[in-house]
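K.L.:
This is the structure, below, for whatever I ask next.
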Ligand code: 5AD
Ligand code: SF4
């Protein structure tokens, strides 16, 4: 996969740099490299994650130069004369953020969880799934393949809340990945001590994906036994204060939730000022207490994306796998045409993917990684999107 565009450093101020991508200027933070004016870099999520040689940059830029402006035009054309709420949101996305689209890889490294959330197939009381864990070497091997062979620039390491991964183990994993691979590392490991997160930031992790699940405190505490809503919100705020990029949001369509709750969900996400909005439809799992619930419609999902874009025009909004699962044929495309500008590709090895059953029938898991990458790139080309980093 050659799906990343390098940029040229045109200004340096302390640990911040300005980068030029075909005339578009973006800012990024540089924590890891010694940089001079004119250097070429890759940035992700507003962080410089790799410095490359001018030759390598020129070769890649030459390929992109041919298509970048064509893609921009295609995106612009698709946003002309919007006819409904979804397309209005899409044209706001285009005006505010251009045709940039982030792609993150996600590695699901353990499906053990100490919690018992009513909505989730990984809950500890679900004895019917086969549990697995990857050790440091296996996690590293998969990240290395994704970064070096497939050219991923950002990886989310996701698991249930699995205490088998002690602070020492997680430090070892983060340290090895960040030292050896040019990648933005994002953690999605649940509610762990703030001190642990502090240490993992020091080792080089730079993002956290942690949803607050629902802004309705009563529902939160009903569906997440022994957990308190305020603790979750405080943790998300504290992680942001530590310097982490925060990806947060909610599940919608839970039984008992009202339309007003969803609006509050969007507002609460906005109040947390996240670097990425991550929200998706609830899909019932047959081995959970919410097995009999009905999933929300694709329309509600697109409506939620569009409203978020209209309320927070400059936000980054992810199309989640659960939306893709609601409508396997059109979910991703429609999400991107309703205001979203980011997506994830599952890089979990095929032998484990089906066991990471948060909900059944997950989209994309039947494809091989290369097939999935090709179909995503084909779709992004058809929509005129390009992987420039949006910066900070
Ligand atoms: N449907 C959709 N998303 C789910 N999650 C958990 N269970 C489900 C489900 N049944 C989401 C939660 C959690 C993330 C890892 O997966 O929002 O934060
Ligand atoms: Fe565990 Fe997260 Fe699933 Fe809850 S939603 S059971 S914390 S994996």
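K.L.:
Is the stretch 186-196 home to any residue that is buried (at least 21 other Cβ atoms within 10 Å of the Cβ), more than 16 Å from ligand 2 (Cβ to nearest atom) and assigned by TED's automatic domain parsing to the domain that holds residue 241?
P.N.:
no
K.L.:
How about the stretch 119-140: which of its residues are within 21 Å of the chain's Cα centre (by Cα) and free of Cβ contacts under 8 Å to residues at least 60 places away in the same chain?
P.N.:
Across the stretch 119-140, the qualifying residues are 139, 140.
K.L.:
Could you tell me whether residue 253 is in contact (Cβ under 8 Å) with a residue 40 or more places away in the chain and over 29 Å from residue 182 (Cβ atoms)?
P.N.:
So residue 253 passes the test.
K.L.:
Identify the residue in the stretch 142-162 that is more than 12 Å from ligand 1 (Cβ to nearest atom) and assigned to a strand (DSSP E or B) and, among all such residues, is nearest to residue 52 (Cα to Cα).
P.N.:
Within the stretch 142-162, the match that is nearest to residue 52 (Cα to Cα) is 154.
K.L.:
I've got another one for you. Any residue at all in the stretch 241-254 that is more than 16 Å from ligand 2 (Cβ to nearest atom) and in a helix (DSSP H, G or I)?
P.N.:
Scanning the stretch 241-254, I find at least one residue that is more than 16 Å from ligand 2 (Cβ to nearest atom) and in a helix (DSSP H, G or I), so the answer is yes.
K.L.:
Still on this model: I'm trying to understand the selection: among the residues of the stretch 68-119, which are farther than 30 Å from residue 24 by Cα, outside any strand (DSSP E or B) and in contact with a strand residue (DSSP E or B) (Cβ under 9 Å, 6 or more places away or on another chain)?
P.N.:
Matches in the stretch 68-119: 111, 112, 113, 117, 119.
K.L.:
Does the stretch 316-324 contain any residue that is touching a residue at least 60 places away in the same chain (Cβ under 8 Å) and in a loop (DSSP other than H, G, I, E, B)?
P.N.:
Yes: the stretch 316-324 contains one or more residues that are touching a residue at least 60 places away in the same chain (Cβ under 8 Å) and in a loop (DSSP other than H, G, I, E, B).
K.L.:
Kindly indicate whether residue 357 is away from ligand 1 (no atom under 13 Å from the Cβ), surrounded by fewer than 22 Cβ atoms within 10 Å (Cβ to Cβ) and within 24 Å of residue 376 (Cβ to Cβ).
P.N.:
No: the conditions fail for residue 357.
K.L.:
Considering only residues that are within 16 Å of ligand 2 (Cβ to nearest atom), under 16 Å from the mean Cα position of the chain (by Cα) and part of a loop (DSSP other than H, G, I, E, B), which ones fall in the stretch 345-361?
P.N.:
Within the stretch 345-361, just 348 meets the criteria.
K.L.:
Residues that are on the phi > 0 side of the Ramachandran plot and within 14 Å of ligand 2 (Cβ to nearest atom): does the stretch 161-178 have at least one?
P.N.:
no
K.L.:
Could you look through the stretch 362-376, keep only residues that are crowded, with 17+ Cβ neighbours inside 10 Å and out of contact with any helix residue (DSSP H, G or I) (no Cβ under 9 Å at 6 or more places or on another chain), and pick out the one that is nearest to residue 98 (Cα to Cα)?
P.N.:
373
K.L.:
Take the stretch 370-392 and flag every residue that is assigned to a helix (DSSP H, G or I) and in contact with a strand residue (DSSP E or B) (Cβ under 7 Å, 6 or more places away or on another chain).
P.N.:
If the condition is that a residue be assigned to a helix (DSSP H, G or I) and in contact with a strand residue (DSSP E or B) (Cβ under 7 Å, 6 or more places away or on another chain), then 372, 373, 376 are the ones that fit.
K.L.:
Right, another one. Conditions first: (1) closer than 29 Å to residue 44 by Cα; (2) within 16 Å of ligand 1 (Cβ to nearest atom). Residue 122 passes all but one, so which condition is the exception?
P.N.:
Of the numbered conditions (1) closer than 29 Å to residue 44 by Cα; (2) within 16 Å of ligand 1 (Cβ to nearest atom), the odd one out for residue 122 is (1).
K.L.:
Is it fair to say residue 74 is within 16 Å of ligand 2 (Cβ to nearest atom) and either within 24 Å of the chain's Cα centre (by Cα) or within 28 Å of residue 346 (Cα to Cα) (or both)?
P.N.:
For residue 74, the condition - within 16 Å of ligand 2 (Cβ to nearest atom) and either within 24 Å of the chain's Cα centre (by Cα) or within 28 Å of residue 346 (Cα to Cα) (or both) - is not met.
K.L.:
Scan the stretch 124-141 for residues that are part of a loop (DSSP other than H, G, I, E, B) and either crowded, with 22+ Cβ neighbours inside 10 Å or more than 10 Å from ligand 2 (Cβ to nearest atom) (or both) and jot them down.
P.N.:
127, 128, 129, 130, 131, 132, 134, 135
K.L.:
Quick one: which residue in 185, 196 is in a helix (DSSP H, G or I) and under 16 Å from residue 210 (Cβ atoms)?
P.N.:
None of the other options fit; the residue is 196.
K.L.:
As an exercise: evaluate residue 175 against (1) free of Cβ contacts under 8 Å to residues at least 60 places away in the same chain; (2) within 16 Å of ligand 1 (Cβ to nearest atom) and give the number of the one condition it does not meet.
P.N.:
Failed condition: (2).
K.L.:
Does the stretch 182-203 hold any residues that are more than 15 Å from residue 107 (Cα to Cα) and away from ligand 1 (no atom under 16 Å from the Cβ), and which are they?
P.N.:
Within the stretch 182-203, 182, 193, 194, 195, 196, 197, 198, 199, 200, 201, 202, 203 meet the criteria.
K.L.:
Right, here's the next one. List pairs: first residue in the stretch 215-228 and more than 16 Å from residue 125 (Cα to Cα), second residue modelled with pLDDT of 95 or more and away from ligand 2 (no atom under 13 Å from the Cβ) anywhere in the structure, Cβ distance under 6 angstrom, at least six positions apart or on different chains.
P.N.:
215/264; 215/265; 215/268; 216/261; 217/229; 219/256; 220/229
The values are calculated or read from the model by the stated rules, or taken from the named source; none is laboratory data. Everything numeric in this text was worked out from a predicted model, so none of it was measured. Here Cβ is always computed from backbone atoms with ideal geometry, including for glycine, and neighbour counts include all displayed protein chains.
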